[in-house]
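Below: one structure, written as structure tokens.
The values are calculated or read from the model by the stated rules, or taken from the named source; none is laboratory data. These figures come from a predicted structure and were not determined experimentally. FYI the Cβ positions are ideal-geometry reconstructions off the backbone, even for glycines, and counts take in every protein chain you see. Heads up: the accessible areas ignore ligands, DNA and RNA and are worked out on the full protein's heavy atoms, side chains in. Shrake-Rupley method; radii C 1.70, N 1.55, O 1.52, S 1.80 Å.
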Amino acid sequence: MAVYGGDEVNAIVLDMGTYSTRVGYAGEDMPKVNMPATYGSVLDQDSGNFKHYVGDEGVNVYRPKMRLSNPMREGMIYEWNAVEDVLDYAFNDRLRCDTADHPILFTEPPWNNKHNREKLAQILFEKYNVPATFVVNNAVCASFAAGKGTALVIDVGQDISSVTPVVDGYALTKSIQRQPIGMSLLTNTAYMTLTTPTPERPDAIELHSHQLIASKKPMGYNAKPVYTLRQDRLANADQSWRNQMARRVVEDWLEVCGGVLETTFTPEEADKKGTKFYEFPTGYQAIFKGSERLQPAEIFFNTSALNRIRAYGPPPIAENYPSQGRMIPLQEAVPLQHLVAHALEVQDIDVRSSLMQNMVLTGGGSLLPGFQERLLFELQNLTRNKNYKFHIPTTKHERRFGPWIGGSILGSLGTFHQLWVSREEWRNSALISWLRDVNEGGWGICCRVCNVML
Amino acid sequence: MTSADVREIVSSLVPSGSTPAPRKAPPPTGTRKPDGISRELYNLIGNAAPTLVAQVSRPKFKARPDLGRARVKWEFREFDNPARKDHLKLHHWQKATDTGAYRFARYNIDSAYITYTDEEYDAIYGTEDAPWTKEDTDYLFRLVREYDQRFIVIVDRWAPPSGIDRPIEELKSRYYTVSRSVLERRLPDDDPDKAQMLANFTFDKEQERKRRDYVTALFKREPEAIEEEEALYIEIKRLEQNERRFTKDREDLLKMLAGVESGLGTLKVEDDGKKKKKSGELSADSPATPGAPPRRAKAEAKYVPADDPINCVVRYDPATVAGPGTKGGIPSVFMRSTRIPVPKPSVAAYVTQILAELQISPNTLVMPTKGDVEKLDSLLNTAGILVEMKRSVDRLDQELRVLKARQKGESVEDAEMEDGDGKGKAGASRLIPGV
């Protein structure tokens with residue numbers, strides 16, 4: 001029992017990301033709720049107010065004039081008006097719990113600002129009446145989920161790729177490296193790949209989502225698709241919703257066909273990885289060559305691929321409140337292996353080798369087949385050093401929900417419960433800077449217990 | 001319906017008399033099948049079944065849950081965490097019998113850290129503590145406490161009031177120096193643990209910097225350099241092994257052929273080992289010549305102490321006195337008497353005779369000195385030469401006689417017969433006239 005060290009107090013772990021929001025009970029191995037981060041808003045003609053739709057069935061269903069937007073940017077909350085809808089949906093509709101009984105542990109990216117942190121805590125305390133909250137760095141959570149107190153966390157997220165060194169459960173904030181090369185940019189690149197005609201495919205692929213297809217006919221490979229669109233929906237669908245649904249098609253294509261070549265990319269080498277078959281919602285069936293499938297992910301590793309996308313990358317991100325630390329802008333972005341090597345280079349020599357031996361890959365990018373092998377290959381070639389070791393969970397859901405699982409471990413530890421920030425502490429004006437203090441202090445005991453437990 | 005019934009029906013269809021009515025199977029006469037062995041297996045091995053197996057491998061089923069025991073009641077209970085300073089009440093499931101303090105509170109321990117008062121600081125440093133200010137030092141001590149002396153984290157969080165960035169060894173040095181001064185003032189001089197306590201807080205900034213530089217250099221080695229070092233290391237190990245094997249072989253050979261067991265074989269190996277340890281990679285450059293004398297030995301051989309002539313000590317180059325049982329130029333142990341010169345075997349008998357005539361016996365030399373041995377040596381040589389002379393004189397006399405007899409007209413046959421007797425003599429006799 002002492003070795004396990006768990007003591008469950010029914011805490012809820014809330015992990016909000018740019019792509020999805022994960023909510024569940026601490027101590028479980030999977031979040032109960034995994035919902036898209038985006039929300040839809042429809043103007044109610046009678047009252048003149050916007051009605052918000054969240055969750056899978058809220059966002060992915062066709063609604064006339066529903067506009068989709070993402071309240072998250074770079075893993076930080078950016079639009080507050082939808083956050084309560086998201087939380088309402090998660091706590092009331094999905095978990096169906098009374099939040100007054102559950103302390104809530106929430107994660108934040110290492111570059112989160114104080115305002116965001118305090119505002120979320122305020123919402124939780126005032127609206128949801130939670131007895132206590134706590135905020136944890138999600139890089140730290142990811143390293144805990146991998147069973148490490150000291151790790152170099154490489155997070156390839158939706159908006160951002162970041163490299164965060166974690167030593168004894170503390171993220172070293174000064175040496176965090178991040179740049180806006182993430183899965184959304186990969187989706188953009190794949191979108192361009194699919195919609196650009198090639199000699200084998202003279203017509204651009206039409207990426208209508210299945211909600212807009214009225215009927216389609218089975219056709220052979222590479223035959224021009226025969227389908228009819230639902231014109232009523234087409235006329236009333238908001239452009240943001242249509243874009244988002246088209247991106248979902250591309251994301252699905254990436255999940256099926258995408259991947260990374262394990263060695264330096266050449267079309268000949270990539271073609272050896274074999275072809276894959278995919279049928280689009282329009283009924284168009286195509287076979288994708290290795291070079292076509294694996295080309296988009298080169299933006300993570302290849303300078304020339306990076307140079308190509310710099311031209312049509314995402315628009316510059318406007319920020320309400322500046323994040324901490326510096327983000328490398330897209331125009332100066334470097335391949336991921338350079339980012340990792342640089343993050344290691346600025347580390348203290350005494351922890352550098354242990355960080356090299358404990359590299360944790362997390363985020364959506366880690367789900368791409370071959371990603372880890374390629375990163376290792378590029379790192380070894382770049383630094384002429386073979387002593388890198390990755391610690392990646394083999395099961396996919398552990399990779400997807402890495403930071404949430406770390407939070408789940410933390411929130412169910414007996415020794416953790418002294419660290420919760422209670423309502424009483426929060427009210428006390430003398431502890432106004434509590435979040436900074438608890439975030440940075442009092443970690444030693446958690447780490448020690450985690451080390452014992454894992 | 002049993003199979004016997006079927007057979008009865010079938011046999012009624014077949015004309016009677018063609019087959020005998022099936023006899024009832026005799027009742028099994030063998031012993032009963034023991035428990036713990038399957039029927040099929042028992043049929044195969046029959047009575048030969050080892051009884052032990054049946055006893056030992058009796059199938060064991062999962063133990064039944066002991067439902068008779070008193071059930072433990074669990075309660076969903078509010079608890080107070082003594083490790084907390086506020087009154088946060090959380091709920092958890094707990095055994096109803098479990099009513100102690102919160103069991104994880106005891107892990108809330110703080111490592112010992114040092115604090116100082118303003119007076120102490122002023123007394124130690126006053127105001128002229130140039131590169132550091134009191135505010136920065138306070139801030140450093142707060143961070144050390146907050147992060148439990150994890151200096152790598154402290155240097156990352158470092159944002160002091162003065163805004164001066166400092167490297168990690170600077171922070172460590174400051175922390176340890178101040179702690180040491182505070183302790184030195186605080187502990188009474190007669191405290192037996194004082195020296196030990198102070199020693200715990202010594203920190204050499206320069207050494208730390210050197211260490212870090214060294215580790216950095218090690219880290220920055222090119223892969224080729226690392227490979228070369230590894231190859232050299234393996235080569236050293238191989239050479240050492242070779243050398244050891246050679247030494248052993250030599251020793252074995254000596255033992256077998258010369259019957260010498262000097263005990264130096266093992267000494268040599270030990271010596272080599274020491275040399276390796278001392279000079280590290282040097283031995284990798286030297287070729288694999290296990291028999292070659294070590295350089296140090298040669299250098300020592302050339303050294304002559306000043307008082308040798310007074311003590312009548314004469315030193316020989318080991319190579320020149322190599323006798324049986326020498327090894328790598330180093331003479332093995334020998335008896336001094338074996339060094340007394342002996343006459344050549346061919347003339348030994350005459351020489352001994354001469355010495356007897358002169359009434360000199362080598363056995364009288366109990367403790368032969370250099371001079372004695374030299375004189376005896378020259379005597380023996382002279383005696384040897386004398387004997388040789390005598391022999392050649394005798395031979396010449398003999399030949400002279402033979403030639404004279406031939407002149408007197410002895411028969412040719414006699415001479416030829418003599419020639420056939422000893423070709424050597426005849427050859428010699430022919431040579432003589434030419435001389």
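Taken over the range B:90-125, the criterion of being modelled with pLDDT of 80 or more, open to solvent by 80 Å² or more (accessible area, probe 1.4 Å) and among the charged types (D, E, K, R) is satisfied by B:Lys95, B:Arg103, B:Arg106, B:Asp118, B:Glu119, B:Asp122. Listed by first and then second residue, the pairs linking a residue in the range B:61-87 that is within 18 Å of A:Val421 (Cβ to Cβ) to a residue that is among the acidic types (Asp, Glu), with Cβ atoms under 8 Å apart and 6 or more places separating them unless they lie on different chains, are B:Asp86/A:Glu424; B:Asp86/A:Glu425; B:His87/A:Glu424; B:His87/B:Asp80.
Of all the helices (runs of 4 or more DSSP H) wholly in the range A:268-373, which have at least 2 residues that are crowded, with 16+ Cβ neighbours inside 10 Å and at pLDDT 90 or above? Even if it seems obvious, please write down each step before you answer.
Details: elements: A:290-294, A:303-310, A:336-345, A:349-357.
So the answer is A:290-294, A:336-345, A:349-357.
I'm trying to understand the selection: among the residues of the range B:223-238, which are within 14 Å of another protein chain (Cβ to nearest Cβ) and either open to solvent by 90 Å² or more (accessible area, probe 1.4 Å) or in contact (Cβ under 8 Å) with a residue 60 or more places away in the chain (or both)? Before the answer, list the steps.
First, the residues of the range B:223-238 that are within 14 Å of another protein chain (Cβ to nearest Cβ): B:223-227, B:230.
Answer for the range B:223-238, where residues must be within 14 Å of another protein chain (Cβ to nearest Cβ) and either open to solvent by 90 Å² or more (accessible area, probe 1.4 Å) or in contact (Cβ under 8 Å) with a residue 60 or more places away in the chain (or both): B:Glu224, B:Glu227, B:Glu230.
Counted as qualifying within the range A:376-430 are the helices (runs of 4 or more DSSP H) with 1 or more residues that are within 11 Å of chain B (Cβ to nearest Cβ) and of a type in the set (A, V, I, L, M, F, W, C), namely A:423-427.
Being among the polar types (S, T, N, Q) and within 14 Å of chain B (Cβ to nearest Cβ) is a property that does not hold for A:Ser184.
Test A:Arg201 against the criterion of being more than 17 Å from A:Leu254 (Cβ to Cβ), out of contact with any Leu (no Cβ under 7 Å at 6 or more places or on another chain), open to solvent by less than 30 Å² (accessible area, probe 1.4 Å) and not in a strand (DSSP E or B), and give yes or no. Break it down stepwise before answering.
Values: more than 17 Å from A:Leu254 (Cβ to Cβ): yes; out of contact with any Leu (no Cβ under 7 Å at 6 or more places or on another chain): yes; open to solvent by less than 30 Å² (accessible area, probe 1.4 Å): yes; not in a strand (DSSP E or B): yes.
It is true that A:Arg201 is more than 17 Å from A:Leu254 (Cβ to Cβ), out of contact with any Leu (no Cβ under 7 Å at 6 or more places or on another chain), open to solvent by less than 30 Å² (accessible area, probe 1.4 Å) and not in a strand (DSSP E or B).
Residue selection: B:Lys172 fails the criterion of being out of contact with any strand residue (DSSP E or B) (no Cβ under 6 Å at 6 or more places or on another chain), more than 14 Å from chain A (Cβ to nearest Cβ) and among the charged types (D, E, K, R).
Checking the stated criteria, A:Gly5 turns out not to satisfy the condition of being within 21 Å of the chain's Cα centre (by Cα) and farther than 17 Å from A:Phe401 by Cα.
Starting from residues that are exposed (fewer than 12 other Cβ atoms within 10 Å of the Cβ) and more than 8 Å from chain A (Cβ to nearest Cβ), keep the ones in the range B:76-89 and report whichever is modelled with the lowest pLDDT. So, considering only residues that are exposed (fewer than 12 other Cβ atoms within 10 Å of the Cβ) and more than 8 Å from chain A (Cβ to nearest Cβ), the one modelled with the lowest pLDDT is B:Lys85. Residues in the range B:145-167 include at least one that is within 9 Å of another protein chain (Cβ to nearest Cβ), hydroxyl-bearing (Ser, Thr, Tyr) and outside any helix (DSSP H, G or I).
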